[in-house]
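The values are calculated or read from the model by the stated rules, or taken from the named source; none is laboratory data. As the structure is a prediction and not an experimental result, all values here were calculated from the model. Note that each Cβ is placed from the backbone with ideal geometry, even for glycine, and that neighbours are counted across all protein chains shown. In case anyone asks, the SASA skips ligands and DNA or RNA and just uses the protein heavy atoms, side chains included. Shrake-Rupley method; radii C 1.70, N 1.55, O 1.52, S 1.80 Å.
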Amino acid sequence: MRASIAFIAGLLASGAAVGAARAEAPRRAYDIPAKSLADALIDLGLQARATIGGTPACHGRSRPLVGQYTLTEALDHLLAGSSCRYEMVDARTVRIVRARRWPFLPHPAPVAAAMVAPSPRPASGSIDELVVTTNRRATRFGSLPGGLSIIGGDVLTTTGAIDTGDVARQAAGFITTNLGPSRDKIMLRGLSDGAFTGRTQSTVGTYLDDVPLIHNAPDPDLKLADVERVEILRGPQGALYGGGSLSGVYRIVSRKPAFDVVSGEATVAGSVTESGSPSTQVQAVLNAPVVTGVAAARLVAYRDVEGGYIDDVNLRQSDVDRTTRSGGRLALSARLGEGWSITLSGTGQDVSSTDTQYVTQAKGKLQRANQVRETHSNRLAATSVVVVGAGDWGRFESTTALIDHEYASRYDATAALTAFSDTSIEVGVYDEAVHVRRFVEDAVWSSPEDRRLRWLAGAFLSSGQETGAYDLRARVNNAPPRAIYQEHRGDRLREYAAYGEISYDLGGGWTATVGARVFRTTVGVRSNVVAPSPGRSRVFAGDADFQGVSPKISIQRALGGGGLVYALASEGYRAGGFNTAGLTPPSAKLRAFQPDHLRNYEIGAAFNPFDGRLRLRTALFYDVWNGIQTDQYFSSGLSYTANVGDGRNLGLEAEAVWRPNDRFSLQGNALLNTPKLTRADPNFAASSTSALPGVPDVSFGLLAAWRKPLTPRYDLLLTGEANYVGRSRLTFDSRYSPTMGGYVTAKMSAQILAGRWRAALFVWNPFNAAGDTFAYGNPFSFGQVRQVTPQRPRTWTLSVSANF
C-alpha cells in the first residue's frame with residue numbers, strides 16, 4: 001500500500017514540476033496567416049506537432065499568428081474573443097470546446113478519406129482536419145486513405161445513440177446480429193463468416209481506446225457513455241492491428257480527464273414501449289483536477305434497465321426479455337515531464353438479460369413457447385496504463401492492459417435432446433459459462449508528421465487464458481435432471497508481433513505507403529468431455545503454431561479543398577484452432593480448423609465541392625477470402641468450427657453530407673455489394689453459389705437534422721433517420737436457410753436546448769414495424785421451429801440532462 005501511495009505521489013510530484021515549469025515551456029516559431037479559425041487551429045496543431053481535436057466547434061476568422069509562442073500562448077492568441085475555449089488533455093493534446101451553450105448541432109463528424117461517417121448522423125461543419133491515431137500515429141483525418149468513419153460524441157448525444165446497435169444504424173456497411181444485448185457479433189463491408197459466435201476469432205477488432213476487448217467472444221455491447229468519438233475502420237487491418245481485424249476495426253475513444261476544469265453531467269431518461277415494460281436510464285459524469293494543471297480524474301457511472309416485450313405462452317410470463325446494464329469508468333491522468341503523460345484507467349460493465357428476444361409464434365405476435373427462461377450475462381473488466389511521449393523526435397505510446405471477461409448463457413434444449421436419448425424428455429437445459437483473462441502490451445514509436453519520410457515501428461504481445469464449462473441436462477418423468485453432456489475446456493493463446501509502416505511524399509501531392517506485420521500465434525487446448533452412452537467420454541490435448549506476414553500498400557494524391565484519391569491493398573488473417581465439442585469425438589476433418597486469409601483491393605475518392613457544404617466519399621473494393629472459418633452447430637445443438645471454402649465480395653460504398661446552411665444538414669449512405677462463396681468445401685453442407693450469410697446485398701440510410709432558435713435562450717432541434725437493411729440468408733446452405741432482413745428502421749426526436757439543460761423526446765420505430773432482423777435465437781430448436789427476431793415495438797423516450 002505504501003509503495004502504491006509513493007508511486008502516485010511520485011507521479012504527482014513529477015507532474016507538479018512540469019506544472020511549475022509551464023511558463024518556461026519551449027517556444028516555437030509560428031507563421032499562420034489570418035484564415036478561418038478552424039483552419040488556423042489545424043495549422044497550429046501541425047506546426048506544434050500537437051493533437052488538437054474539436055476544431056469544427058469554432059467559427060469566424062482568426063488573427064494572424066506570427067512569432068515565438070508556447071503552445072498555450074498560441075492557443076490564447078488564436079481563441080481570444082472567440083466562442084471557443086481549450087482544455088489541455090496532456091502536454092501535446094488539446095480539446096477545443098464551445099465556450100457558450102450546448103453544441104446544438106454537432107459539427108460534422110469525421111468524414112474519412114474514403115468513407116464519411118455513415119449514413120445517419122447529423123453534422124455541421126467538417127472534421128476532416130481532426131487529428132486521429134487510428135493508423136497508429138497522429139495524422140490529420142482527412143489525409144487518411146481507406147474506409148474510415150468517425151461519429152463524434154456530440155453526434156451520439158444528439159441522435160440518442162448509446163450502444164453498438166445504434167452505431168450500426170449510423171455507419172455504412174456496419175451490420176450486427178440481433179440475438180440480444182451483449183450476445184451479438186459485428187460484420188463490416190459484407191464480410192460475414194456466419195451469424196453464430198463460437199471458436200472463430202471475431203472478424204472485427206473491438207477496441208476501447210487502444211485496448212482490444214474481445215477475441216472470440218460476442219460483442220460486450222459497451223455503453224457509449226462519455227465518449228469522445230467512435231471510429232470505424234473498414235477493410236482488413238492485419239498490418240497494424242493483427243488477427244481479429246479481418247474486416248475492420250470498431251474503436252471507442254473515451255473522453256480523457258481535463259486538467260484545468262471541474263465539470264460534470266447528469267442524465268435521466270424513461271421509456272415506454274407499446275405492449276412492453278417501461279425502461280430507465282441514469283448516467284453521471286464528473287471531471288476534477290487532482291493537482292490543477294498537473295493531474296486530473298474523470299469518472300462515469302451508469303445503470304440502464306431495458307424492459308422486455310416478448311411473452312412466453314408456455315411459461316405464462318409476459319415481457320420476459322428484460323435487460324439490465326450497469327457499469328462505469330475511472331481514469332486518472334498525470335503529466336510526467338515535458339511532452340510525457342500517463343493515464344491509468346479501469347472500465348467495468350455488467351449486462352444481465354432474463355431471456356432472449358426471438359419469437360416462434362404466428363407473424364405479428366411477440367410470443368414464443370419455451371420450457372425454460374434463456375438467461376444471459378456478460379461481465380467485462382479492463383484496466384490499462386497508457387504512457388505517451390512526444391517531441392521533436394516523434395511520438396511514443398505504450399498501452400499495457402489486463403482484460404477479464406466472463407459470459408454465460410442458458411438455452412432451452414428440449415427439442416434437440418432426441419439426438420441424445422430415445423426416452424421421453426420433459427425439459428432439457430444447456431448452460432455454458434466462459435471466463436477469459438488476457439494480458440496485452442502494444443508499444444509504437446512514430447516519426448514526426450511534418451517530414452517527407454514518415455515511419456512507425458511497433459511491437460505487440462498478447463497472452464490469454466480461456467476456461468469454459470458446458471453442461472447439457474435433461475429431466476424425465478419428474479426425476480432429478482441427469483447429465484447428458486459435460487465438457488470442461490481450457491484454451492491458451494499467445495500472439496507475438498512486430499509491425500511497421502513507411503510513408504513517403506513523392507511530390508505533386510502524391511504519397512506512397514507500405515507496411516507489414518510479422519506475427520506468430522500459438523494455441524494450446526485441453527478438454528475433458530463426459531458423455532454417457534450413446535455418447536463417448538474422452539480427453540483431448542492439442543497444440544498448434546501459426547506464423548506469417550500481413551502486408552499493406554497504398555498510394556494517394558491530395559486534391560484541392562481537402563479532397564483525396566487513393567488506391568490500396570491490404571490483408572487480414574485469423575489463426576486456426578481445435579474442435580472438441582460433440583456427443584462423439586469430431587471426425588478427422590473437423591478435429592481442427594485452419595487459418596483463413598483475406599485480401600482487399602480498393603480504390604476511393606473524396607470531394608468537397610461548394611466550399612465544403614457538400615462532401616462526397618466513395619470506395620470501390622474487391623475482397624478475396626480464402627479458407628473461410630465459420631461457427632456452425634451439429635444437429636444436437638453443440639457447436640463446431642469449420643473452413644467452409646473460399647469467397648469474394650465486390651462492393652461500392654458511397655456517403656454524402658449536405659449542409660446548405662447552419663441550421664440544416666442531410667446525410668446519406670449506401671452499400672451495394674455481392675458477397676459470394678466461390679468454392680465450397682465438399683465436406684460442408686454448402687453450395688459454391690451461396691451468398692455469404694447474414695449480410696445483405698443492399699443497405700442504405702438517411703439522417704436529417706434541423707435546428708431553430710426559439711428565443712435568445714432556447715433552441716429547437718429536430719432529427720429524423722431511416723435505414724434500410726436488405727434481405728440475406730442465415731446460413732451458407734441456401735437450400736434450407738431461412739431468409740431475413742428486408743426491413744426499415746426509423747427514429748425521430750424533438751429536443752429543447754437551454755444553456756446547460758437539454759430535454760429530448762425520442763421515438764424509436766415510429767411506424768411500429770415488425771420485420772425479421774435476425775432469423776435465429778436458439779441452436780437447439782433451430783431448424784425445427786421458425787425463429788424470428790422482430791424489431792422492438794414503438795418506444796417513446798424522454799430524457800433530461802444537465803452539465804456544469
(request) Return the only residue of 786, 756 being open to solvent by 20 Å² or more (accessible area, probe 1.4 Å), farther than 26 Å from residue 282 by Cα and charged (D, E, K, R). (result) 786
(message) If residue 347 satisfies all but one of (1) surrounded by fewer than 22 Cβ atoms within 10 Å (Cβ to Cβ); (2) within 21 Å of residue 211 (Cα to Cα); (3) not charged (D, E, K, R), what's the number of the condition it fails?
(response) (1)
(request) Hey, could you check segment 705-726 for residues that are surrounded by 14 or more Cβ atoms within 10 Å (Cβ to Cβ) and charged (D, E, K, R) and say which is nearest to the chain's Cα centre (by Cα)? (result) 721
(message) Going by what's in this entry, would residue 549 be described as surrounded by fewer than 16 Cβ atoms within 10 Å (Cβ to Cβ), modelled with pLDDT of 95 or more and under 27 Å from the mean Cα position of the chain (by Cα)?
(response) yes
(request) Scan segment 664-685 residue by residue and report those that are hydrophobic (A, V, I, L, M, F, W, C) and not in a strand (DSSP E or B). (result) 684, 685
(request) Could you check residue 198 against (1) surrounded by fewer than 24 Cβ atoms within 10 Å (Cβ to Cβ); (2) modelled with pLDDT of 90 or more and say which number it fails? (result) (2)
(request) Kindly establish whether residue 718 is assigned to a strand (DSSP E or B), farther than 21 Å from residue 169 by Cα and hydrophobic (A, V, I, L, M, F, W, C). (result) no
(request) Pick out the one residue from 522, 511 that is in contact (Cβ under 8 Å) with a residue 24 or more places away in the chain and closer than 23 Å to residue 147 by Cα. (result) 511
(message) Are there strands (runs of 3 or more DSSP E) fully within segment 724-804 with at least 2 residues that are at pLDDT below 95? List them.
(response) 743-754
(message) Just to be sure before I move on: is residue 650 within 28 Å of the chain's Cα centre (by Cα), under 17 Å from residue 625 (Cα atoms) and surrounded by fewer than 18 Cβ atoms within 10 Å (Cβ to Cβ) in the structure I sent?
(response) yes
(request) Among the residues of segment 59-78, count how many are in a helix (DSSP H, G or I) and more than 34 Å from the chain's Cα centre (by Cα). (result) 5
(message) Return the pair list, or none, for Cβ contacts closer than 8 Å from residues in segment 77-93 that are without any contact (Cβ under 8 Å) to a residue 60 or more places away in the chain to residues that are of a type in the set (Ser, Thr, Tyr), at least 6 apart or on different chains.
(response) 77/69; 78/62; 79/86
(message) Just to be sure before I move on: is residue 183 touching a His at 6+ places or on another chain (Cβ under 7 Å), within 25 Å of residue 739 (Cα to Cα) and charged (D, E, K, R) in the structure I sent?
(response) yes
(request) Would you confirm whether any residue within segment 512-519 is under 28 Å from residue 578 (Cα atoms), among the hydroxyl-bearing types (Ser, Thr, Tyr) and open to solvent by less than 40 Å² (accessible area, probe 1.4 Å)? (result) no
(request) Would you mind telling me which numbered condition in (1) touching a Lys or Arg at 6+ places or on another chain (Cβ under 9 Å); (2) at negative phi residue 209 fails? (result) (2)
(request) Output the number of the condition that residue 330 fails; it satisfies all remaining conditions of (1) in a strand (DSSP E or B); (2) open to solvent by less than 60 Å² (accessible area, probe 1.4 Å); (3) touching a residue at least 24 places away in the same chain (Cβ under 8 Å); (4) over 16 Å from residue 181 (Cβ atoms). (result) (2)
(request) Go through segment 226-241 and give me each residue that's in a loop (DSSP other than H, G, I, E, B) and surrounded by fewer than 24 Cβ atoms within 10 Å (Cβ to Cβ). (result) 226
(request) Among the candidates 732, 684, 664, single out the residue that is open to solvent by 20 Å² or more (accessible area, probe 1.4 Å) and in contact with a Gly (Cβ under 8 Å, 6 or more places away or on another chain). (result) 684
(request) Considering only residues that are surrounded by fewer than 24 Cβ atoms within 10 Å (Cβ to Cβ) and aliphatic (A, V, I, L, M), look in segment 609-637 and name the one that is farthest from residue 674 (Cα to Cα). (result) 614
(request) Look at segment 564-587 and say how many of its residues are hydroxyl-bearing (Ser, Thr, Tyr), assigned to a loop (DSSP other than H, G, I, E, B) and either modelled with pLDDT of 95 or more or buried (at least 18 other Cβ atoms within 10 Å of the Cβ) (or both). (result) 1
(request) Name every residue in segment 292-327 that is more than 18 Å from residue 161 (Cα to Cα), acidic (Asp, Glu) and assigned to a strand (DSSP E or B), in order of residue number. (result) 311, 312
(request) Scan (1) surrounded by fewer than 18 Cβ atoms within 10 Å (Cβ to Cβ); (2) out of contact with any Gly (no Cβ under 7 Å at 6 or more places or on another chain); (3) more than 30 Å from residue 43 (Cα to Cα) for the single condition residue 437 breaks and write down its number. (result) (2)
(message) For the list (1) farther than 24 Å from residue 200 by Cα; (2) surrounded by 23 or more Cβ atoms within 10 Å (Cβ to Cβ); (3) out of contact with any Lys or Arg (no Cβ under 7 Å at 6 or more places or on another chain), I need the number of the one condition that residue 606 fails.
(response) (3)
(message) Restricting to segment 440-470, count the residues that are modelled with pLDDT of 95 or more, buried (at least 18 other Cβ atoms within 10 Å of the Cβ) and either assigned to a loop (DSSP other than H, G, I, E, B) or of a type in the set (Asp, Glu) (or both).
(response) 2
(request) Filter segment 49-87 down to residues that are open to solvent by less than 40 Å² (accessible area, probe 1.4 Å) and more than 23 Å from residue 261 (Cα to Cα), then give me how many there are. (result) 3
(request) Give the residue, chosen from 371, 367, that is under 16 Å from residue 430 (Cβ atoms), in contact with a strand residue (DSSP E or B) (Cβ under 8 Å, 6 or more places away or on another chain) and open to solvent by 20 Å² or more (accessible area, probe 1.4 Å). (result) 371
(request) Have a look at 313, 320 and point out the one that is more than 20 Å from residue 222 (Cβ to Cβ), surrounded by 18 or more Cβ atoms within 10 Å (Cβ to Cβ) and touching a residue at least 24 places away in the same chain (Cβ under 8 Å). (result) 320
(request) Could you identify the single residue in 590, 598 that is open to solvent by less than 70 Å² (accessible area, probe 1.4 Å), assigned to a loop (DSSP other than H, G, I, E, B) and in contact with a strand residue (DSSP E or B) (Cβ under 7 Å, 6 or more places away or on another chain)? (result) 590
(request) Scan segment 299-310 residue by residue and report those that are open to solvent by 30 Å² or more (accessible area, probe 1.4 Å) and either of a type in the set (Ser, Thr, Tyr) or closer than 25 Å to residue 386 by Cβ (or both). (result) 299, 301
(request) Could you check how many residues of segment 304-328 are in contact with a Gly (Cβ under 7 Å, 6 or more places away or on another chain) and closer than 30 Å to residue 343 by Cα? (result) 2
